[in-house]
1. Using DSSP to call loops (not H, G, I, E or B), can you name the chymotrypsin sites (Phe, Trp or Tyr not before Pro) in region 230-324 whose Cβ has at most 15 other Cβ atoms within 10 angstrom?
2. Give the carbon-plus-sulfur fraction of the accessible surface of region 261-330 in %, rounded to a whole number; probe 1.4 Å, heavy atoms of protein chains only.
3. What's the center-to-center distance, using Cα atoms, between region 30-104 and region 424-480 in Å?
4. So if I take the centroid of the Cα atoms in region 178-213 and the same for region 372-389, what is the distance between those two points in Å?
5. Apply 1/(1 + (r/R0)^6) to the Cβ-Cβ distance of Ile335 and Glu119, taking R0 = 51 Å, and write down the FRET efficiency to the nearest 0.05.
6. Once the whole set of protein chains is in place, how much accessible area is left on Met1, using a 1.4 Å probe, in Å² to the nearest 10?
7. Filter the chain for me: DSSP H helices, axial length by Cα at least 15 angstrom, mean Kyte-Doolittle hydropathy not below 1.6. List them by residue number.
8. Rounded, prolate or oblate, given the Cα gyration tensor of region 188-329, with a/c below 1.5 counting as rounded?
Amino acid sequence: MRFSVILRYVGAVMLIVAAFMAISAVISAVSHDTGFYPLLLSSLLTLVLGGFPLLFVPRTDNITTKEGFVIVVGSWVLSCVVGMFPYLIWGGEFTIVNAWFESVSGFTTTGASILTNIEALPQGLLFWRSATCWIGGAGVVMFALLILPSLGTNKMALSGIELSSLAKDNYRYRTQMIVRILLVVYVGLTLITTLLLKVSGMRWFDAVNHAMSACATGGFSTKNASVGYFNSPLIEAILVVAMFLSSVHFGLIYSTFTRRGNNLFRSEVVRTYVCIIVVATLFVAASLFFTDIYTSPLESLRQSLFQVVSLITTTGFATADTNLWTPFAIVVLIIVSIICGCAGSTAGGVKVDRALLYGKVLKARLRGQQHPNAIIRVRLDGILQEDRHLQAVTLFITTYFVLILAGTLSSTLFGMDLLTAFTSSVAFIGNVGPGFGEAGSYDNYAAIPAVLKLQGTVLMLMGRLEIFGFIQFLFIKMWR
């Protein structure tokens, strides 16, 4: 394994991160706040860190799979490390552990925060928080694949590791085209959402930040009360649409607008996803209305729809304190926090694709017992699924719940109550953000012990890297 080659490609990613830090510094300079020097210095440090390998390590025409894994995971981890710089230099509530937690939460699009007063941050740092979500939404490596032409033919190797096999199923293009489609749809959604939020009454700064967070399904807000601060049905409706579109396969969105065969309306996965949202919304709304938490059916439906979409898309925006809702509504919200959005999107979690495949595998197993000699094939959106893919889905879901159980167990060991321990573990590994109990939609993670914050960041990274990408990185020396 050639470490010089790895450093070159990780350095390329650092240049992207440095550029967003510089943009944040410009915003600080324009608004005359205290974030300018921390962001400028962080940008220069990151630029030097990424620039040296590009200057002194020669370009190579190919990389191995082993090197590709180290580049992808290393890029994520190092991005989180340099993402701490602005927070640490600025100070305030940001200890080393808190800065690491906030940075990892941003880049993994989790949206969990240790800040007790978000509005006390200068505008430059608020933009940097949203920028970490936005970079992480598309994937730090994906930006490098599009922007840096020097990567050449290595785009295929790196994108193959960055995208899961489920995400690739609905792409019918060459690797370079896949990267372009992903980022064009992503940027397009962000721009349209920004304009609509501005028209609906937000300031430009708030509109940009909330659009970036919504399209990254990250959930970082510029307000302590999150989206509830604006108390606007129009703003909530715009964000619901933005969050939903950002949580479905970007290839299907592109195909829908280019009038190709495989599109949103023909996708079995999207239909299932919509059905889950509709059923969950109606159940929660009925629970809220009939227990008099909201006296109006429309208000119950409005609050229910926003929170269901916010959690199932792993965004984590809030318009209400869901800790005050009924136990039935909380259980439904926990379930959608586990299932989450679709593969090929910015959402985390198990993914609807895997949940649907698991149901099909279970059905095939039951039919196989009824008809032992039958040859039963499993298809998803018309694509025949190989046995190894089905085994991978089952293994992923099993490992996912084992990690939730492990996170819950260790959290209770350090004195956390069961509801908070379980839902925070779900929120971390699913990159959802808010949980319930002490980690509710209007709370934060400032009070939890430092060791649990570190545990949370490990779960966030494992969730963002589809678990096995992170595990393989840890055992990279055992590869043969």
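1. Answer by residue number: Phe265.
2. Within region 261-330, the accessible surface is 73 percent carbon and sulfur.
3. With region 30-104 and region 424-480 each reduced to a Cα centre, they are spaced 19 Å.
4. What the calculation gives is 39 Å, centre to centre.
5. 0.95
6. Its accessible surface works out to 90 Å², give or take rounding.
7. For the chain, where a helix must reach 15 Å along its axis and average at least 1.6, the hits are 3-31, 36-56, 175-199, 233-246, 268-290, 327-339, 418-429.
8. Judged from the Cα gyration tensor, region 188-329 comes out oblate (a/c at least 1.5, b/c at or above a/b).
The values are calculated or read from the model by the stated rules, or taken from the named source; none is laboratory data. Just so you know, these numbers come straight off a predicted model, no measurement behind them. Positions of Cβ are generated from backbone atoms using ideal geometry, with glycine treated the same way; all protein chains shown enter the neighbour counts. To get the accessible areas, we keep the full protein, side chains included, count just its heavy atoms, and leave off ligands, DNA and RNA. Shrake-Rupley method; radii C 1.70, N 1.55, O 1.52, S 1.80 Å.
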